[in-house]
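The values are calculated or read from the model by the stated rules, or taken from the named source; none is laboratory data. In this text the structure is predicted, and so the values were computed from the model without any measurement. For neighbour counting, all protein chains shown are included, and Cβ atoms are generated from backbone atoms with ideal geometry for every residue, glycine included.
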Amino acid sequence: MKVWQHLRTINHHKSLVMKHCFKVGLYKQGLLHDMSKYSPTEFLVGCRYYQGTRSPNNAEREATGYSKAWLHHKGRNKHHYEYWIDYSVDPGEGIVGQKMPIKYVIEMFMDRVAASKTYQGSNYTDRQPLEYYEKGAAKLGKMIHPETAALLHFLLKMLAEEGEEKTFRYIRRKILKK
Ligand SMILES: [Zn+2]
């Protein structure tokens, strides 16, 4: 059980998300981000499958076939597109990703930037969150709403090409002011 290592990792990740969210004016989300990681269901799994370089949920999944911690997490945290997966009102369409409110798309973006920084440490570059997203994007299908995916992808590209300061300013002045 890597209690201290896991606690340090989630505290560090949370403090980065808070710093990023505060820069664009999302104070409440910055403070409350990922609180469920401190619940026993998520915290104990995190200590048991602590990795340091990737999410412990991946290790739990490999060990047992699925991640109880992740199922608990995504059902309670609105900054994950998986939270928004629901039956379509069109009965022929089945289960689809619903359009996320903009403030949660921004928190999802900040979460991805912070996760890259947490796991990459001093190797972090502004391109990594984009590369990570693009590796998995083709497999998402209808699980993420096309407008949600487009905004996330657009911001990740801006981060890769123009850097953090400009992208955060754009989010604060253009995206969240609308
Ligand atoms: Zn989260």
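Of note:
- Condition met for GLU82 (more than 25 Å from GLY46 (Cβ to Cβ) and not aromatic (Phe, Trp, Tyr)): no
- Residue check for TYR104: surrounded by 19 or more Cβ atoms within 10 Å (Cβ to Cβ) and part of a helix (DSSP H, G or I): yes
- The lone exception for SER67 - which of (1) without any contact (Cβ under 8 Å) to a residue 60 or more places away in the chain; (2) surrounded by 17 or more Cβ atoms within 10 Å (Cβ to Cβ); (3) among the polar types (S, T, N, Q); (4) under 23 Å from GLY121 (Cα atoms) it fails: (4)
- Subset of the range 77-97 (residues that are away from the ligand (no atom under 16 Å from the Cβ) and of a type outside the set (Gly, Ala, Ser)): ASP86, TYR87, VAL89, ASP90, PRO91, GLU93, ILE95, VAL96
- Residues that are surrounded by fewer than 16 Cβ atoms within 10 Å (Cβ to Cβ) and more than 17 Å from GLU60 (Cα to Cα) within the range 4-24 comprise TRP4, ARG8, ASN11, HIS12, SER15, LYS19, PHE22, listed in sequence order.
- Selection count where residues are exposed (fewer than 14 other Cβ atoms within 10 Å of the Cβ) and either at pLDDT below 95 or not small (Gly, Ala, Ser) (or both), scope the range 44-64: 6
- When ARG76, ARG54, ARG48, ARG61 are screened for being among the charged types (D, E, K, R) and touching a residue at least 60 places away in the same chain (Cβ under 8 Å), only ARG54 passes.
- Residue in the range 106-113 that is touching a helix residue (DSSP H, G or I) at 6+ places or on another chain (Cβ under 8 Å) and without any contact (Cβ under 8 Å) to a residue 12 or more places away in the chain present: no
- Residue, nearest to the ligand (Cβ to nearest atom), within the range 1-57, restricted to residues that are among the hydroxyl-bearing types (Ser, Thr, Tyr) and over 26 Å from LEU176 (Cα atoms): SER55
For (1) surrounded by fewer than 17 Cβ atoms within 10 Å (Cβ to Cβ); (2) under 15 Å from the mean Cα position of the chain (by Cα), each residue gets a yes or a no:
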{"position": "ARG127", "(1), (2)": "yes, no"}
{"position": "GLY136", "(1), (2)": "yes, yes"}
{"position": "GLY141", "(1), (2)": "yes, no"}
{"position": "PRO146", "(1), (2)": "yes, no"}
{"position": "LEU152", "(1), (2)": "no, yes"}
{"position": "LEU155", "(1), (2)": "no, yes"}
{"position": "ARG172", "(1), (2)": "yes, no"}
{"position": "LYS177", "(1), (2)": "yes, no"}
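- Checking GLU60, GLU107 one by one, the residue that is within 19 Å of TYR50 (Cβ to Cβ) and within 16 Å of the ligand (Cβ to nearest atom) is GLU60 and no other.
- Just one residue in the set GLY97, GLY92, GLY121 is more than 15 Å from THR167 (Cβ to Cβ) and surrounded by 20 or more Cβ atoms within 10 Å (Cβ to Cβ); that residue is GLY97.
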